[in-house]
Amino acid sequence: MADVTPPTDFTTAPEASTTAGKVRGSWRPCPGTTPDQAKFTHSAAFLGIPFAEAPVGDLRFAAPVRHAPWDGVRSAEEHGPTPQRPGPPEPTLIPEPSVPGGSTLNVDVFTPAPSTAAALPVMVYIHGGGYTAGSPASPWYDGAAFNRDGVVTVNLSYRLGFDGFGRIDGAPDNRAVLDWLLALEWVQENIAAFGGDPARVTIAGQSAGGGAVLTLLGMPRAQPLFAQAWCISGALGDVPVGRAHGLAERLAGLAGVEPSLAGFASVPEGRLLELQPKAQESPGGRDGVFGMLRRVVSGGLSLGPMVDGELITAPTPSSLLAGVGADKPLVLGTADDEFAMALDAVRTKLRLVPSRLLLGQAGLERGRRSAYLSANRDLARLGSAAVLGRYISDAVFRSTALKVAEARAGAGSAGTWLYRFSWRSPVFGRAVHCLDVPFFFDCLGAGRVDALAGGNPPQALADDVHAAAVSFVSGGDPGSISGPGATGWPRYSEGRSTKVFDTPSSVVEDGYASVRPLLD
């Protein structure tokens, strides 16, 4: 950044050239800056740039096709259409607007210096939403704070639900994964024109987006497309072919068509979206609370990246253990109580049920229950619902983080840094799913943050989390920051070191010890 001359003319709309044509964006001030600070004070936003043709008609269930060139200068001042379709209610804790339209495969680029001379580090962010929802158009994902600190930020969209991940005879598998790959290829080919360095690309994402990050990290074909990765609460897909095939058959049956390309192509997108939740229920009837828990915790997702044997050759932890992606630095972690709030409605009903019984109902085998309860004695004192809530969080998210860290702990791997986000929301009384996202983006003043983090979330914690992210994206080490409150951050291989983001933050040894009884 020291060699980059910040722009000074913010009255002329910024333009950049892509391989498909020119685009025009807009300038806006960066948060938390004044003209006398040695930072970028303005950010250029280029929104809704298509990296692929609209996935409609014959392209609906096809691999993404590069967007054709256009003449003149294309306006990039508004978010493009999103794969998430309009209609209340918004399905996530993060405000993620739906934008109507067919051309849904787009990137948003935020940059402080749209010039080929800048060569700034780049972060590509992949949104979450369980692989069935979510939108890159969230105000929380605006890259202005990263731009302020000298990082070019890209948000990408991808096909969701069955259109993106469903198994269809006669159609390519993992269509949404192919969307990720084509978007990352677009970044490699075009980001220099926006002031980014294609050799310094970090992929990042949260929840399903974090799962996407880990999937790409373990995918041989993706290796040339990024240099390092940051995974927030990664929810892995790794859907077996048999499970994906079963979902396709159930969905086709509900739609009254054959489970083939012609059959699914005859069903309007809106109708498939209506039927999709029912097809995901346990076969044979109603899920119920514990049926849902067993399905998600033990059975895994039925829509998400599929282990097809070609593009995704093995489950992600196995690929990482085999050394795929070992040369790429990785930061990963979770919130302490990701999905514990899912039990709030039945907390009173569960208070008299023994914890061992609840864990068994949720799918934890008998031989692991004693060890798990022993490792979580602090929660056992809070009641059965607290134990079950932590188990859901551990089984779906926190055990994944620990498995990945362990898989990469051997000699020859690039650095791996593990963290926990432990600050408790005053709204929920816990460190819940999505709570860390506005701290990561340093956007505590954005809309609806108060609904998750309360009316006065600690800016010092946002400074801590965001500075670690900037340090990693810029230099490959999240612990190389200094100043008041800085605690350092050793690699996981150094005594199982774990950064705990809280007020104040700290570093502890083996911060995921309570999760270890769940590992195979």
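State to the nearest 20 debye the size of the charge dipole of the chain about its Cα centre, where the only charges are +1 on K and R beta carbons and -1 on D and E beta carbons. Walk me through the intermediate numbers first.
Details: 43 positive and 50 negative charges, 361 e Å.
The dipole of the chain has a size of about 1740 debye.
How big, in percent, is the set of alpha carbon pairs in segment 304-349 lying more than 12 Å apart? Intermediate results must be reported in sequence, preceding the final value.
Numbers: 779 of 1035 pairs.
In whole percent, the share of Cα-Cα pairs in segment 304-349 beyond 12 Å is 75.
5 Å is the cut-off here: which amide hydrogens, built 1.01 Å from N in the peptide plane, fall below it relative to VAL507, excluding neighbours closer than 5 in sequence?
VAL500
Using θ = phi - 60° and the Karplus relation 6.51 cos²θ - 1.76 cosθ + 1.60, list the HN-Hα couplings for segment 54-66 in order, rounded to whole Hz, with x at every Gly or Pro.
4, x, 10, x, 5, 8, 4, 10, 9, 4, x, 10, 3
THR18's amide H: which non-local residues (gap 5+, or another chain) put their own amide H closer than 5 Å, with H modeled 1.01 Å from N in plane and none for Pro or chain starts?
VAL23
Using Cβ counts within 10 Å as a stand-in for footprinting exposure, how do MET123, MET341 rank, fewest first? Intermediate results must be reported in sequence, preceding the final value.
Working: MET123 26, MET341 20.
So the ranking, lowest neighbour count to highest, is MET341, MET123.
Using the number of other C-beta atoms within 10 angstrom as an exposure proxy, rank THR12, THR111, THR503 with the fewest first. Spell out each step's value before the answer.
On the way: THR12 8, THR111 30, THR503 13.
Sorted ascending by nearby Cβ count, the order is THR12, THR503, THR111.
Nearest 20 debye, what's the magnitude of the dipole of segment 174-260 about its Cα centre given +1 on Lys and Arg Cβ and -1 on Asp and Glu Cβ?
On the way: 5 positive and 7 negative charges, 34 e Å.
My answer is approximately 160 debye.
If you count, for each residue, the other Cβ atoms within 10 Å and average over each peptide, how do 309-316, 349-356, 201-208, 186-193 line up from highest to lowest? List each step's numbers first, then the result.
Values: 309-316: 17.5, 349-356: 13.9, 201-208: 27.2, 186-193: 21.2.
Per-residue Cβ counts within 10 Å, averaged per peptide and sorted highest first, yield 201-208, 186-193, 309-316, 349-356.
Once amide H atoms are built 1.01 Å from N in the peptide plane, which residues 5 or more positions from GLY129, or in another chain, come under 5 Å H to H?
When sequence neighbours closer than 5 places are left aside, the close amide H contacts are ALA208, GLY209.
Among GLY475, ALA204, GLY511, which residue has its Cα positioned farthest towards the positive end of the charge dipole of the chain, with +1 placed on the Cβ of Lys and Arg, -1 on the Cβ of Asp and Glu, and the dipole taken about the Cα centre?
With unit charges placed on the Cβ atoms, the residue in question is GLY511.
So what are the ³J(HN,Hα) numbers for segment 368-378, from phi and the Karplus equation (6.51, -1.76, 1.60; θ = phi - 60°), rounded to whole Hz, Gly and Pro as x?
Each residue's phi maps through the Karplus curve to give 9, 5, 4, 5, 5, 5, 5, 6, 10, 4, 4 Hz.
Here are some pairs, LYS328/LYS403; LYS39/LYS328; LYS328/LYS499; which of them have Cα atoms lying more than 24 Å apart in this structure?
Values: LYS328/LYS403 17 Å; LYS39/LYS328 28 Å; LYS328/LYS499 20 Å.
Distance filter (> 24 Å) returns LYS39/LYS328.
What translational diffusion coefficient, in µm²/s and rounded to a whole number, does the Stokes-Einstein relation yield for the chain at 10 °C and a viscosity of 1.306 mPa s, taking the hydrodynamic radius as the Kirkwood radius over Cα pairs?
68
No value in this document is a laboratory result; all are computed from the given coordinates. This structure is a prediction, so every number in the text was calculated from the model and none was measured. With ideal geometry, Cβ positions are generated from the backbone for all residues, glycine too; neighbour counts draw on all protein chains shown.
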